[in-house]
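Quick notes on the structure that follows.
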Amino acid sequence: MNKNLRGSRRAGRVAVSAAATLLVAVGATLATASPAAAVGTSACTTHRYDWKAETNTASVNFRSGPGTSYASKGLLAKGTKHLFRCFSSSKPAGYSWSYIKVTSGPHSGVWGWIRSDFTTPV
């Protein structure tokens, strides 16, 4: 891996941690909305990445889109491995969402969304 790519990935990991810390510090609240259809990378508001990560809390809702208005595909246990692809900000609720591909557990191989502060690069 070349030096620039390593630096870019490291910067991305730092951005994920900083965003998660900010969201927790601000204490943003969730807004409710009507159910919406599944969304993929078209909802991303950042550059796309592919790095390994895992869930950092128990019972994380794995959703069909970036927000609580999207259907849950199920729950991810703490430590569930996944590949992080990109971010999407949910303006009304103030949370950032991560588009991921689960690589371990019962949802392995499935793409979906989790709140960004519930994922940690590994």
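Just so you know, all these numbers are worked out from the coordinates, no wet-lab data involved. Just so we're clear, the structure is a prediction, and the values are computed from it rather than from any experiment. Cβ: placed from backbone, ideal geometry, glycine included. Neighbour counts: every protein chain shown.
What are the residues whose amide H is under 5 Å from the amide H of residue 119, where those residues sit 5 or more places off or on another chain and H is modelled from the backbone?
56
Name the residues whose placed amide hydrogens come within less than 5 Å of the amide hydrogen of residue 95, ignoring near sequence neighbours (fewer than 5 apart) on the same chain.
HN-HN under 5 Å from residue 95: 90.
So, how do all the Cα-to-Cα distances of the range 53-106 break down into 10 Å bins, in percent, from 0 on up?
25, 58, 17, 0
What order do you get for 62-74, 41-53 when each peptide is scored by the mean count of other beta carbon atoms within 10 Å, highest first? Present the calculation step by step, with values, prior to reporting the outcome.
Numbers: 62-74: 19.2, 41-53: 14.3.
My ranking of the peptides, most packed first, is 62-74, 41-53.
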